[in-house]
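*Asks:* To start, I am sharing the structure in question, which I have written as structure tokens.
The values are calculated or read from the model by the stated rules, or taken from the named source; none is laboratory data. These numbers were taken from a predicted model, which means no experiment stands behind them. Positions of Cβ are backbone-derived with ideal geometry, glycine not excepted, and every protein chain shown enters the neighbour counts.
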Amino acid sequence: MAFVARQTFEYQMPSTWYPGHMNKTLKRLKNLTSSNDIFVEVRDARIPLTSRNYVMEDFLNKKNRIIVYNKCDLADTFHTKAKVSKHRIQNLAQQFQNVECWFKETSTPEKSAFITPYVSKAPYFAKELLRLIRTLVDQASANGRVYVYFVGMPNTGKSSILNSLRNVALRKSKSAIVGNYPGVTKRISEIVRLFNDMDVYMLDTPGIMTPSITKPEDMLKLSLVGCVKEGIVHPVTVVDYLLFHLNRIDPSLYSKWSLPTNDVDEFLQNTAYKARKLTKGGFDENFVSNYVIQQYRIGRLGRFQLDTIDKNELLIRLHNEQNKKNAK
Ligand SMILES: Nc1nc2c(ncn2[C@@H]2O[C@H](COP(=O)(O)OP(=O)(O)OP(=O)(O)O)[C@@H](O)[C@H]2O)c(=O)[nH]1
């Protein structure tokens with residue numbers, strides 16, 4: 001019988017992850033009053049809507065803001081090779097035109113706002129972001145320093161982008177610490193010079209999650225891409241959710257490990273055997289799950305978006321956010 005993928009995913013509502021330093025950072029950012037400040041908001045291209053932080057929207061909407069959709073290399077459905085060619089960049093930009101259109105339609109920024117796709121390891125994107133920052137710097141008041149704050153959810157690549165800009169603009173090595181788990185940056189960083197010929201400085205900030213989740217499924221997406229600390233959602237549940245997506249896209253994405261299946265236990269056991277991930281004690285579901293999640297995060301299980309690229313999706317989200325604000 002032909003394999004039929006699940007059309008819905010059943011799960012318990014997981015709680016959010018919002019440690020104290022996130023709220024502290026949010027308060028500090030909200031107290032920044034200089035009209036010269038520029039905010040580079042980093043979102044994850046695999047979850048362009050879910051990595052939009054509604055608690056930051058109110059103040060970011062009034063600021064000089066550039067929205068960066070980072071990790072495009074992991075979200076790009078058109079190409080599977082890691083190399084970033086000119087042709088591929090054009091495709092990436094096209095993919096994000098839709099998102100840009102939603103942004104323009106649904107928010108009323110008083111200040112300039114730009115949107116750009118990004119891959120932190122490709123200098124092309126750093127050059128484009130530097131151009132956008134220069135445009136905003138030119139609009140700043142003649143005297144006074146300009147501070148560029150890198151904000152966004154945990155692990156979206158804020159430090160990597162800061163480093164990539166410094167590298168391209170000043171030919172200097174990295175200054176912000178990068179890690180493959182969320183919550184690496186715990187406080188707002190020291191200032192880091194951006195241009196030799198201008199008084200422009202960058203500041204890295206800790207990733208901020210939302211204090212509550214507007215859609216239960218968001219917690220699964222955020223866990224899968226690595227915005228949420230490991231263990232908040234059980235790794236087997238995260239893999240089950242990944243399997244749900246892989247099956248709907250193309251079960252052959254995991255054919256090196258298993259025949260198509262909707263059963264996460266069967267999938268993990270097959271993977272443990274085929275990928276040689278059996279431990280001394282035999283099969284350890286947490287160990288194999290974490291291996292699968294890491295493989296997904298480096299693009300070895302396909303490159304695709306987890307959010308539905310549909311205008312209604314954003315409208316529903318905005319409606320839920322408004323309800324949350326009204327309920328306060
Ligand atoms: N594939 C891919 N990986 C990236 C990209 N940018 C960053 N990463 C990886 O994502 C992980 C997190 O990057 P960081 O720069 O530490 O992220 P952050 O937002 O500063 O993290 P926090 O300090 O935890 O908030 C690291 O493993 C990076 O190597 C990208 O464009 N593509």
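*Asks:* Filtering the stretch 301-328 down to residues that are closer than 30 Å to Tyr291 by Cα and modelled with pLDDT of 80 or more, which residue is surrounded by the fewest Cβ atoms within 10 Å (Cβ to Cβ)? Working first, answer last.
*Replies:* In the first step, residues of the stretch 301-328 are kept if they are closer than 30 Å to Tyr291 by Cα; the result is 301-309.
Of the ones still in play, those that are also modelled with pLDDT of 80 or more are 301-308.
Numbers: Leu301: 20, Gly302: 17, Arg303: 22, Phe304: 17, Gln305: 19, Leu306: 21, Asp307: 22, Thr308: 10.
Among them, the one singled out is Thr308.
*Asks:* While we're looking at this one, here's another question. Does the stretch 46-60 include one or more residues that are without any contact (Cβ under 8 Å) to a residue 60 or more places away in the chain, part of a loop (DSSP other than H, G, I, E, B) and farther than 20 Å from Asp307 by Cα?
*Replies:* The answer is no; no qualifying residue exists.
*Asks:* Of the residues Lys256, Lys229, which is in a loop (DSSP other than H, G, I, E, B) and either on the phi > 0 side of the Ramachandran plot or within 16 Å of the ligand (Cβ to nearest atom) (or both)? Walk me through how you get there before you give the answer.
*Replies:* Working: Lys256 fails: either on the phi > 0 side of the Ramachandran plot or within 16 Å of the ligand (Cβ to nearest atom) (or both).
Result: Lys229 is the single residue among Lys256, Lys229 that is in a loop (DSSP other than H, G, I, E, B) and either on the phi > 0 side of the Ramachandran plot or within 16 Å of the ligand (Cβ to nearest atom) (or both).
*Asks:* Take the residues in the stretch 190-212 that are buried (at least 20 other Cβ atoms within 10 Å of the Cβ) and in a loop (DSSP other than H, G, I, E, B); name whichever of them is nearest to the ligand (Cβ to nearest atom).
*Replies:* Restricting to residues being buried (at least 20 other Cβ atoms within 10 Å of the Cβ) and in a loop (DSSP other than H, G, I, E, B), the top hit is Gly207.
*Asks:* Let me ask something else about it. Can you find even one residue in the stretch 112-120 that is surrounded by fewer than 22 Cβ atoms within 10 Å (Cβ to Cβ) and either modelled with pLDDT of 90 or more or part of a helix (DSSP H, G or I) (or both)?
*Replies:* no
*Asks:* Under the condition of being of a type in the set (Val, Ile, Thr) and surrounded by fewer than 17 Cβ atoms within 10 Å (Cβ to Cβ), which residue from the stretch 11-58 is nearest to the chain's Cα centre (by Cα)? Give the derivation first.
*Replies:* We begin by selecting, within the stretch 11-58, every residue of a type in the set (Val, Ile, Thr); these are 16, 25, 33, 38, 40, 42, 47, 50, 55.
In the following step, the residues that additionally are surrounded by fewer than 17 Cβ atoms within 10 Å (Cβ to Cβ) were identified as 16, 33.
Values: Thr16: 16, Thr33: 26 Å.
So the residue we want is Thr16.
*Asks:* Please find, within the stretch 295-315, the residue that is farthest from Gln269 (Cα to Cα) out of those that are in a helix (DSSP H, G or I) and free of Cβ contacts under 8 Å to residues at least 24 places away in the same chain.
*Replies:* Step one: filter the stretch 295-315 for residues in a helix (DSSP H, G or I), giving 295-297, 311-315.
Subset that is free of Cβ contacts under 8 Å to residues at least 24 places away in the same chain: 295, 312.
Values: Gln295: 16, Asn312: 38 Å.
Looking at residues that are in a helix (DSSP H, G or I) and free of Cβ contacts under 8 Å to residues at least 24 places away in the same chain, I get Asn312.
*Asks:* Can you find a residue in the stretch 277-286 that is of a type outside the set (Val, Ile, Thr), assigned to a helix (DSSP H, G or I) and free of Cβ contacts under 8 Å to residues at least 12 places away in the same chain?
*Replies:* Just the residues of the stretch 277-286 that are of a type outside the set (Val, Ile, Thr), to begin with: 277-278, 280-286.
If we keep only those that are assigned to a helix (DSSP H, G or I) as well, we get 285-286.
Now narrow it down to the ones that are free of Cβ contacts under 8 Å to residues at least 12 places away in the same chain: none.
Scanning the stretch 277-286 turns up no residue that is of a type outside the set (Val, Ile, Thr), assigned to a helix (DSSP H, G or I) and free of Cβ contacts under 8 Å to residues at least 12 places away in the same chain.
*Asks:* Something else: Name every residue in the stretch 62-77 that is at pLDDT below 85 and over 19 Å from the mean Cα position of the chain (by Cα), in order of residue number.
*Replies:* Result: Lys62, single match.
*Asks:* For the stretch 119-159, name all the residues that are more than 18 Å from Arg65 (Cα to Cα), more than 9 Å from the ligand (Cβ to nearest atom) and not polar (S, T, N, Q).
*Replies:* Scanning the stretch 119-159 gives Pro123, Tyr124, Ala142, Gly144.
*Asks:* I'd like to know if the stretch 242-249 contains one or more residues that are surrounded by 21 or more Cβ atoms within 10 Å (Cβ to Cβ), farther than 28 Å from Lys274 by Cα and in contact with a Leu (Cβ under 8 Å, 6 or more places away or on another chain).
*Replies:* There is no residue in the stretch 242-249 that is surrounded by 21 or more Cβ atoms within 10 Å (Cβ to Cβ), farther than 28 Å from Lys274 by Cα and in contact with a Leu (Cβ under 8 Å, 6 or more places away or on another chain).
*Asks:* With the condition kept exactly as written, say whether any residue in the stretch 264-273 is in contact with a Pro (Cβ under 6 Å, 6 or more places away or on another chain) and either crowded, with 17+ Cβ neighbours inside 10 Å or not in a loop (DSSP other than H, G, I, E, B) (or both).
*Replies:* No, every residue in the stretch 264-273 fails to be in contact with a Pro (Cβ under 6 Å, 6 or more places away or on another chain) and either crowded, with 17+ Cβ neighbours inside 10 Å or not in a loop (DSSP other than H, G, I, E, B) (or both).
*Asks:* Follow-up. Just for the stretch 62-74: of the residues that are touching a strand residue (DSSP E or B) at 6+ places or on another chain (Cβ under 8 Å) and assigned to a loop (DSSP other than H, G, I, E, B), which one is farthest from the ligand (Cβ to nearest atom)? It would help to see each step written out before you state the result.
*Replies:* Kept after step one, since they are touching a strand residue (DSSP E or B) at 6+ places or on another chain (Cβ under 8 Å), are these residues of the stretch 62-74: 63-72.
Those still in the list that are assigned to a loop (DSSP other than H, G, I, E, B) too: 63, 71.
On the way: Lys63: 19, Lys71: 4 Å.
Selected residue: Lys63.
*Asks:* Gly299 fails exactly one of the following numbered conditions: (1) of a type outside the set (Asp, Glu); (2) on the phi > 0 side of the Ramachandran plot; (3) over 24 Å from the mean Cα position of the chain (by Cα). What is the number of that condition?
*Replies:* (3)
*Asks:* Within the stretch 274-300, take every residue that is β-branched (Val, Ile, Thr) and crowded, with 17+ Cβ neighbours inside 10 Å and give me the one that is farthest from the ligand (Cβ to nearest atom).
*Replies:* Here is the first cut: in the stretch 274-300, the ones β-branched (Val, Ile, Thr) are 279, 288, 292-293, 298.
So of that shortlist, the ones also crowded, with 17+ Cβ neighbours inside 10 Å come out as 288, 292-293.
Numbers: Val288: 21, Val292: 17, Ile293: 13 Å.
Here the answer is Val288.
*Asks:* Shifting gears a bit: Being more than 17 Å from Arg46 (Cβ to Cβ) and in contact with a strand residue (DSSP E or B) (Cβ under 8 Å, 6 or more places away or on another chain) narrows it down to one of Ser289, Ser212, Ser189, Ser255, so name that one. First the steps, then the outcome.
*Replies:* Numbers: Ser289 fails: in contact with a strand residue (DSSP E or B) (Cβ under 8 Å, 6 or more places away or on another chain); Ser212 fails: in contact with a strand residue (DSSP E or B) (Cβ under 8 Å, 6 or more places away or on another chain); Ser255 fails: in contact with a strand residue (DSSP E or B) (Cβ under 8 Å, 6 or more places away or on another chain).
Unique residue meeting the criteria: Ser189.
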